[in-house]
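A.B. asks: Below is the structure I would like to discuss, written out as structure tokens.
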Amino acid sequence: MGRSETLQQFAAGRIPERYQRNIGTIGIDGQLRLLNAKVAIAGAGGLGGNLIELLARQGVGYLRIIDGDSFAVHNLNRQLLATERNLGMNKAQAAARRIAEVNSDVTVDAVPAMLDEVNAVDLLAGMDVVVDALDNISSRLLLSRTAQALEIPLVHGAIAGFTGQITTLLPGRRGLETIYKMTPGSDRGIETVLGNPAVTPALAAAIQAQEVVKILTGIGEILDSQLLYFDTELNLFEIINLK
């Protein structure tokens, strides 16, 4: 079954079995909004792999996955899409292969390239939401600037060790420069010291995915210019105002 057949079932008043467990939370209208939505995910590693899986299972109809990197052995500890069999494979293309096995309603546009100044506008134009699952500051800031210029909501996430952070930046809000400031030699954060365990990106990605769903369906309160910070070592969750 593909998305057109699924939409026909909804039009006929039938809820496809795949989505029946979603309806009590987001309703039929919410599910239809997801199926007709377009989301770009920059990065298909620790954060991105979990995000892609969750959004596809929830039924977001179009995912553009942007990542020029390939899987290596050191990714196996935390990157959901990495397996011992696909080492050396491009991450975006591996994501497309995975989602084809998970949900045929989802169209995946795999872009095996890194986001840069040349391609950013073309890759993000026309999207309903952009998701930051990147691992360096300069690319995050480029993503933020481009999303703001195109007036597209951006959901940001980052992790290090036991800690993570998530925020949503709507068009017209200040971008990720409120969090990151570039200085020479500082393109990576504290994760280079604290490491990247398996659980932390999964938790951050789950919250990011929920932000995407709330934006697309209009249900619930989003982290509008609020930074959700967590530290699972200390069981600490707090919200920091970025306005």
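A.B. asks: In degrees from 0 to 90, rounded to the nearest 10, what is the angle of the helix 199-217 Cα long axis to the longest principal axis of the chain?
C.D. replies: 50 degrees
A.B. asks: Can you spot the lysines whose alpha carbon is less than 21 Å from K38's alpha carbon? Ignore those fewer than 8 places along the same chain.
C.D. replies: K91, K214
A.B. asks: If I stretch the segment between L7 and Q226 completely, what's the gain in nm (0.36 nm per residue apart, minus their alpha carbon distance), one decimal?
C.D. replies: Additional length available on full extension: 75.3 nm.
A.B. asks: Return the single residue from T200, T167, T25 with maximal mean-square fluctuation; model: Gaussian network over the chain, springs between Cα atoms under 10 Å.
C.D. replies: Evaluated over the chain, the most mobile residue of the options is T25.
A.B. asks: Estimate the FRET efficiency between E151 and I28 by the formula 1/(1 + (r/R0)^6), using the beta-carbon distance for r and 30 Å for R0, to the nearest 0.05.
C.D. replies: After rounding, the FRET efficiency stands at 0.60.
A.B. asks: At a Förster radius of 22 Å, what calculated FRET efficiency corresponds to the Cβ-Cβ distance of I15 and E101, to the nearest 0.05?
C.D. replies: Result of the calculation: an efficiency of 0.45.
A.B. asks: DSSP loop (so not H, G, I, E, B), at most 11 other Cβ within 10 Å: list which trypsin sites (Lys or Arg not before Pro) in region 50-152 pass both filters.
C.D. replies: Answer by residue number: R85.
A.B. asks: What list of ³J(HN,Hα) couplings, whole Hz, do you get for region 160-177 from phi and the Karplus terms 6.51, -1.76, 1.60, once you set θ to phi - 60° and write x for glycine and proline?
C.D. replies: For region 160-177, the Karplus curve yields 7, x, 7, 10, x, 8, 9, 8, 10, 10, 7, x, x, 7, 5, x, 5, 5 Hz.
A.B. asks: Next question. Express the Stokes-Einstein translational diffusion coefficient of region 1-133 in µm² s⁻¹, to the nearest whole number, given a Kirkwood radius over alpha-carbon pairs, 20 °C and a viscosity of 1.002 mPa s.
C.D. replies: The diffusion coefficient I find is 140 µm²/s.
A.B. asks: For the chain, with a Gaussian network of springs between Cα atoms less than 10 Å apart, report the residue from L76, L216, L154 with the top mean-square fluctuation.
C.D. replies: L76
A.B. asks: Here's something else I'd like to know. Helix 137-150 versus the longest principal axis of the chain: what angle, 0 to 90°, nearest 10, using Cα atoms?
C.D. replies: Relative to the chain, helix 137-150 is tipped by roughly 50 degrees.
A.B. asks: Where Rh denotes the Kirkwood radius from the mean inverse Cα pair distance, what is Rg over Rh for region 115-243?
C.D. replies: 0.95
A.B. asks: Related question: Using Cα springs under 10 Å in a Gaussian network model of the chain, which residue among N75, N86, N103 shows the largest mean-square fluctuation?
C.D. replies: So, out of N75, N86, N103, the one fluctuating most is N86.
A.B. asks: For the chain, what is the calculated [θ] at 222 nm in deg cm²/dmol (nearest 500), taking -39500 (n - 2.57) for each run of four or more DSSP H residues and dividing by its residue count?
C.D. replies: Counting only the DSSP helices, I get -11500 deg cm²/dmol.
Read the figures in this text as sums done on the coordinates, not as results from a lab. Remember, it's a predicted structure, so these values are computed and weren't measured experimentally. With ideal geometry, Cβ positions are generated from the backbone for all residues, glycine too; neighbour counts draw on all protein chains shown.
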